[in-house]
Each structure stands twice: as C-alpha cells, then as structure tokens.
Amino acid sequence: MKRFIFALAVGSAISLAGPVARVTAQTVQVGTAQNAIGTLVVVRPDGVQERLQGKGSLKLFENDVLMTEPSSQALIEFKEGIQVALNENTSFKILSRWEKDKPVTRIIRLKHGEVWAKTGEGPKALEVETPVATASVRETEFNLKVQEDGQSVLTVIQGIVEFGTPFGTCPIRPSTISYGVRGKKCTKPAPTDVAPATSWASAVRQ
Amino acid sequence: MKRMETLTGILGSSLGLSLTVLAGCAEISDLFSKPPAEAPAPRIYVANESSNSVSVIDANKFEVIGTVDAKNHSTHDLALTRDGKRLFATNLASGRVSVIDTQSLETIASIPTGTRAHVVTLTNDNRQAWVANIGEDNISIVDTGNYRILGTIPAGKGPTGLAFSHDGRFAYVSNQGDKTVNVIDTASHQIIKTIPVGANPHFLVLSPDGRIWGTNTGGNDIYVIDPATNEKVASFEVGAQPQQIAFAFKGIQGPNAYVTVGSLNKVIAVNADPKNLRIVDQIEVGKSPNGIWANPEGTRLYVANQGSNELQVLDTGTSQVIATVPVGRKPIRVVVSR
C-alpha cells in the first residue's frame, strides 16, 4: 500500500510538473565561436556575458546574443558546419525553428550590422532574419547587411538565396545584389562585384 | 368474385405503377437532392497557459477528445485557419508560436517570434500570422506556408492585442504600456495613427459590423473604434478586469457584445450599438472568466474560466450554463472551428 501511495505521489508530481518534451533547451550546444579580431561578446539568456578574443572555442547555445564592437570581427560555426562571420558593430540572436520530420533550421536574427555566411554542401538550412526581410539558404555563400533604418542589402556570392519580405519572395542569384525595404517586395537583383562582400571576412576566417 | 379479381388487378397495377414512380422519384432524388455529407463536429480549442497545452473538445457532445502538448511554455493565445486544419498558438514564456495539426492533434512546428509572444492573429487571407511580442514592442510576421519570419513591425510599448479590419487594410494593435491602439496600414506596414484608449488595453476583436472592440483590462471599461475614421467612438464601464469579447444573440435581440469580467465572475452582455451601449444581460460563470467565443449561429458562448480550470458552455437564449468541461490549468483563450 505504501509503495502504491509513493508511486501515486511520484506520478502526481510528474503530471503537475507538466510535459517535459520541449522543443528548445538552453543547454543544447548549437555551435562554437572560433575566432575574434578584437572582442566578441556573447550574452546568455540570463544576462551573463562571456567574451572571446583571438582564436578559441566558446560554446554557443540557443537564444545567445552575439555582439561585436567597433573594429572587431568574429567567426562562428554551427554544429551543422555552417560558418558565419560578424563584421564590426554587429548584433544578432541565435534561434532555431523546429518542424516535425525536418532538420532543424538555424536562424540568425540580425538586429544590426553585417554578416557573411557559407552553408557548404548538404541539407543545412539557415535563415538570416532582418527587421524587414529574411534570407533563406542552402548550399550558398552570401553577405547580408542591415542599415540603421532596417533596410537590408543582400549580396549573393554562390548558390541561390530566397530573399523574402512580407510582400513577396525573390530568388537572388550569384554576383547579384538585392535590397529589402519595409513595406515593399525585395528589389530586382542587379549585377554587382562581390569582392567587397567577401574581402572583409577573409582575415577572421584565417 | 370477378369484381374481386378486377379490383385486385387494378390494385396490383396501381401498386406497380406507384412503385415505378417512387423508384423514378428516388433516382431523381439521387440526382438533385442528395443528403449532405455529414459535417465533422465543430471543435472547441482551449489554450491552457499553466499546462502548456491545448484542450480539444467536441462542440456537440462537450467532451474532451484530446490534449495537445504545445512543446513550449505558457500557451496563451490561439488562431485557427479558416479551413480548420492548422491552429497557431503563442507561448508567452518561450517567445514562440506552436503550429498544431488539428487532424493528428500534434504540434508540428515551433517558430521563434519574440520575447513574451502574446497574441496571434491571422491575416484575412490566412497567408500570414501576425504575432505581438510584449517584450520586444513589435509584431512578427510569420509566413503560414513555410513558417519563416518575413519581417517585424515596431509597435507601441507592450503590444497585447491584435485585430484586422474587415477589408484587411488596417491592423489594430493595443499597447498596454502606452495605453494606446496603433493603426497600421497593411500596405506599407507603417503606423498611421495612434489612438489613446485607457488603462492597460488588452484584447481586441472585430465586430460583425466591422468596428473594433477592445477591453481595458487594467481599468473597468470596454471601447469601440470605427475603422471609417479610426477614432474611438464609444466606451462603457462593465466592471474591473474586462478580459475578452464575443458577439452573439439573445433570441431576437442582438448582436450583443458578451464580455468576460474577471473580477465579477460574470459574462456581461452589452447592446452592440455604440450609440446606445447598455447592459442587457448578466450571466454568472466560474472563477475569473477570460476567453470567450461564440458559435457561428450566435446562440452559444464558450467561456474559459482561468480560476476554476474549466470551459463553460452558455446558452444565450436562456442565459444558462448548459455544460461545464474540465480542462487544463489556467485556461486563457478559446477558439471554435466553423
């Protein structure tokens, strides 16, 4: 009888604690920060800050906010092999979207600044969100910059990027540039020299 | 005897003819007036904030037919697609929206929107879900096809309510921190007007005549905005902590705005003519009523009592509670399939 009451108590405690199968957990590592020229600041969801200066392996988790200061750059790599470089004065949050029977989609919510990203081969889904648009990519290399007014500038280096705003989505091809502006569809891609979009990240990628 | 045979023959012929005609009628009937396929029973969905789940209730039998784990924390608001196949649920503590498949009764996606994701409303074409994030003072725009965040719109401080106009030209966002409602032009995503409304404005809903009704949960009144002028045209005191509003009829009278009033444990019915707002009915319900929804006919109300963990079904004709269904902890929001 005592055993029965104990089992009942444990069962009740478990049911009162609510379901445990949440889709995100702040303890699951999603990648590492590997290099910083100057300082990379990582702000955890509880407000605790960690810093990376030079090469290293700083663990990154869901909901971390990453920030670079003036004259600083950084390189991170998600565990799926996706590389992301942050230019100076850049801030973004690491998130992910879970969908049943699909690989997790890594999301970078870019508040301001500039990122370069390369997803490599295979089904590695990455989305970079800005206040006015989202770049969704697989097997691509691209650069995305958010200006102070939220306008977003996408330069595609390799592969095709789906560049979407609430008013429509455009496929952006290599060596072209497109702009995302509040209240409009992304602009028609125009030919561009991609060298400036790749050169700034070369030092931190070494 | 001969007369008898004749009579039998006549009766037999008549019966045969009648049967032939009846059979013919049956074929014609098959062609022109097949009985309608049995429609699925409407369903009631209840967001249980402290259970992180959604209760699914058969709206004919008033029985729980399932409980869906939202796979997130603090399930708060619900929005159901017009075809009833997808249910979008905000999760306050997770800052995420859960997407629920209403056929399989399971969560099939979890979308990060923003800190303290509070309410979700679908655009009139159901292609986007707009989510008000209290902690980030903005609205996330979610593509309901691929679940991507397509952009954000800055709002006032602490956005808590969201509704679209009948024609979809305007979105209305209530801001509890600013005590205002923003009017957003959906063509440009710009705030074109900010309307002062009162203390801690919360819930917003579109009325059958196209006006926007809201509750000042921090005060004791409700208010009405006319989309033709985007002005607040009326307000009315109903009691402390007015929560949510649904529109229904009491017999031939109506439509009335039925307001859950948390402090009174009542649903207060207000005549829905903004020029003549007055209380026309009061119905006692369970503890701290919050969510409320009317059936499409406007004869039943479904009320979520967050203090007594139950859903109550009210018959508006008699103002009686006709069913009480236990649900999860702290039920906040109710929606019903069409």
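Readers should treat all values here as calculations from the given coordinates under stated rules, not as data from a laboratory. Here the structure is a predicted model, which means the values were calculated and not measured. Counting neighbours? That spans all protein chains shown, and the Cβs are built from the backbone with ideal geometry, glycine included.
Summary table
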| read-out | value |
| --- | --- |
| 5 angstrom amide H check on B:S53, placed H, neighbours 5+ away | B:N48, B:A70, B:T75 |
| Within straight-line cross-link reach of A:K59, aspartates and glutamates at Cα separation under 20 Å, skipping those fewer than 8 residues along the same chain | A:D46, A:E50, A:E69, A:E77, A:E80 |
| Cα-based convex hull volume of the protein assembly as shown per residue, rounded to whole Å³ | 247 |
| Spin-label pair B:A240/B:T318, simplified geometry with 7 Å Cα→Cβ offset, distance in nm | 3.4 |
| Net lengthening on full extension, B:Q253/B:A228 (0.36 nm per residue, minus Cα-Cα) | 6.4 nm |
| Residues whose placed amide H lies under 5 Å from that of B:F170, excluding near-sequence neighbours | B:S165, B:T186 |
| Overall form of region A:55-201 per C-alpha gyration tensor (a/c, 1.5; a/b vs b/c) | rounded |
| Cα-centre dipole for region A:71-206 with unit charges at Cβ (Lys and Arg positive, Asp and Glu negative), debye to 20 | 320 |
| Region A:118-206 - convex hull of the alpha-carbon atoms, volume per residue in Å³ | 91 |
| A:S202-B:D185 pseudo-label distance in nm [points 7 Å out on the Cα-to-Cβ vector] | 4.5 |
| Cα gyration tensor category, rounded, prolate or oblate, for region B:142-186 with a/c compared to 1.5 | oblate |
| Number of partner chain Cβ atoms within 10 Å, mean per residue of B:141-154 | 6 |
| Total lysine pairs whose alpha carbons fall under 19 Å of each other in chain B (8 or more apart, or interchain) | 12 |
| Cross-link partners of A:K188 among lysines (Cα-Cα below 18 Å; sequence separation of 8 or more within a chain) | A:K145 |
| For A:I107, residues with placed amide H under 5 Å, excluding near neighbours | A:L95, A:S96, A:R97, A:E127 |
| Residue order, fewest to most surrounding Cβ atoms within 10 angstrom, among B:V267, B:V224 | B:V224, B:V267 |
| Simple Cβ-charge dipole of region B:228-338, Lys/Arg +1 and Asp/Glu -1, about Cα centre, in debye nearest 20 | 260 |
| Within region B:176-207, backbone nitrogen closer than 15 Å to the virtual label 7 Å beyond the Cα of B:R169 toward Cβ | B:183-190, B:192-193 |
| Options A:P196, A:L154, A:T165, ranked by Cα towards positive dipole end of region A:149-206, top entry (Cβ charges) | A:T165 |
| 3J(HN,Hα) from dihedral phi, region A:46-60, Karplus parametrisation 6.51/-1.76/1.60, rounded to Hz, x for glycine, proline | 8, x, 5, 10, 10, 10, 10, 10, x, 6, x, 8, 7, 5, 10 |
